[in-house]
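Throughout, read-outs are computed from the coordinates displayed, never taken from laboratory work. Since we're looking at a predicted model, the values are computed, not measured. Here the Cβ positions follow ideal geometry from the backbone for every residue, glycine too, while neighbour counts run over all protein chains shown.
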C-alpha cells in the first residue's frame, strides 16, 4: 500500500518510526532497513507492507515492492550459520526465486510483543 502519515511516539523501540492509522486502527510502523542493521535517513518510504500475526498488525516501511509470490513450504531452507549470524533475528529462512535471494521474515519477531 502507499504509505500513510506516521506519527512519531516518544522513546520508541529502535527501528520503529511511529504509529500510522491503517484501516481504522493505529499500527506500529517498522523501518524494514533497520531490521537488517542498515542505518540510513528515515526518509519517506515508498510503500507499507502490513503483516498480521494473530491479532497483532505491523506495517513495514520499505523502499519498494518488487513483486508478490507464493513459495511452497518445501522450497524454504534454513539459514546457514554464517548467514544466521549476519542477519536479523527476524529472518527465519531463505530460498531462491528467478536467481534472486528471497528471505522469509518471522513476523512475530519484527517488533517486540509489548509494542504492538
#### Entry: Compactness index (Cα Rg / 2.2 N^0.38 Å), the range 16-109
1.15
## Note on the structure
When 58, 91 are ranked with the fewest other C-beta atoms within 10 Å first, the list becomes 91, 58
### Query
When the label point is put 7 Å from the Cα of residue 1 along its Cα-to-beta-carbon vector, which residues of the range 48-78 have a backbone N closer than 11 Å?
48-51, 58-60
### Summary
Here, residue 106 and residue 76, labelled 7 Å along Cα→Cβ, have an inter-label distance in nm of 1.1 nm
### Message
Can you tell me the length gained on complete extension of the stretch residue 25 to residue 53, counting 0.36 nm per residue apart and subtracting the Cα distance?
### Response
8.6 nm
### Relative contact order of the range 16-109, defined on C-alpha pairs under 8 angstrom at six or more residues apart (%)
20 percent
